[in-house]
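What follows draws every value from the coordinates through simple rules; no lab data is involved. All values reported here derive from a predicted model rather than from experimental measurement. Note: ideal-geometry Cβ built from the backbone for every residue, glycine included; neighbour counts use all protein chains shown.
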Amino acid sequence: MPFYRLNEDDLRPDDADGFDPEGVPRAITAFGADISTRGMELGLHVHRKAEVILTMRGIVRCEADRSAWIVPPRCAVWIPGNRPHSVTFSGHVEVYCVFIEPEVVPTLPGQCCGLSVSPLLERLLLHAATIPVLYDIDGADGRIATVLLDQLARASVEMLNFPMPANAKLRNIAAAMMAEPSDRATIADWGKRMAIAPRTLTRMLQRETGMSFGRWRQQLHILIALQRLAGGASVQAVALDLGYEGASAFVTMFRKALGKPPARYLAERGAAV
């Protein structure tokens, strides 16, 4: 995984494997990576510092707090310090990770969440991967770090998570739907596949996620749609990939869920469809 470090006598790609952001005595520490992979996972791990994961390209999924975040390009996931989480990558991925001392942004949520990234915050997060690890706190890089933290504190929370139940059967259903989002199986169909009564599945899902099966699957479809649309796919292609008969039905679902059609929703967030 190549790391973006562009300064003399600073972190280089050949010694990135030994990089430990936990031990850096600065408010922020960042790196970026540009990789192509059919699938790579950073298994369940935890670190003292909080982390922001910004995706510019490719498929990045983070799982923590019994939810999965399928991160659309130009959105970010906030992971508080000391929170166990895993991250998976697939495709041509460009991702930036910024580690933050927990006390410097006390207004951000104590739980994992999605963050809306403004154009300014995006540039700051990218730039953070190029400044020296031990940047001058009182110099220009220190001032940039301060502005980054100010902008991060102002970022609005986005509902980018897909609840992941603890129950093994429900997790199997979740994994299958993520692998084949076009599968339009009903709760009754899943009951037959899992050899469990549909009513029992419904009660379990409601208890663990607070959602009906239809709403749960819709949330997954919205996240996948945002990711693919922001990556340049057409509305028609995304609709068919998600098992809708056509673009009209998909746009109606999207508008009801998010209050705006896909093109307007993404345009307002700086990602044109």
Based on alpha-carbon positions alone, could you give the equivalent ellipsoid semi-axes of segment 13-158 from the gyration tensor, as √(5λ), descending, whole Å? 22, 18, 15
For segment 99-112, in order, what is each residue's ³J(HN,Hα) by Karplus, 6.51 cos²θ - 1.76 cosθ + 1.60 with θ = phi - 60°, in whole Hz (x at glycine and Pro)? 9, 9, 4, x, 6, 7, 10, x, 7, 6, x, x, 10, 4
Counting each DSSP H run of 4 or more residues in the chain as -39500 (n - 2.57), what helix-only mean residue ellipticity at 222 nm follows after dividing by all residues, to the nearest 500 deg cm²/dmol? -11000 deg cm²/dmol
So how do Thr202, Thr29, Thr209 line up by other beta-carbon neighbours within 10 Å, fewest first? Thr202, Thr209, Thr29
Starting from 0 in steps of 5 Å, tell me what percent of the Cα-Cα pairs of the chain lands in each bin. 1, 5, 12, 16, 17, 16, 12, 9, 6, 4, 2, 1, 0
What does the net charge come to around Ile196 if you take all other residues with beta carbon closer than 13 Å to its beta carbon, with K and R at +1 and D and E at -1? +4
With an 8 Å cut-off on Cα pairs and a minimum separation of 6 or more residues, tell me the relative contact order of segment 165-267 in percent. 22 percent
Starting from the amide H of Phe162, placed 1.01 Å from N in the peptide plane, find each other amide H under 5 Å away whose residue is 5 or more places distant or on another chain. Ala68, Trp69, Ile70
Give me the extension gain from Lys256 to Arg184: residue separation times 0.36 nm, minus the current Cα-Cα distance, reported in nm with one decimal. 24.0 nm
Taking the Cβ of each residue in Asp20, Asp34 as the centre, tally the other Cβ atoms inside 10 Å and list the residues starting with the fewest. Asp20, Asp34
What is the ratio of the Cα radius of gyration of segment 165-267 to 2.2 N^0.38 Å, where N is its residue count, to two decimals? 1.13
Label-to-label distance, nm, for residues given as Ile137 and Glu245 (7 Å Cα→Cβ offset): 6.4 nm
Rounded D (µm²/s) - segment 89-147, Kirkwood Rh over Cα pairs, Stokes-Einstein at 20 °C, 1.002 mPa s: 159 µm²/s
Relative contact order (percent, whole number), the chain, Cα cutoff 8 Å, 6+ residue spacing: 18 percent
Give me Ile196, Ile79, Ile173, Ile187 sorted ascending by neighbouring Cβ count inside 10 Å, so fewest comes first. Ile196, Ile187, Ile173, Ile79
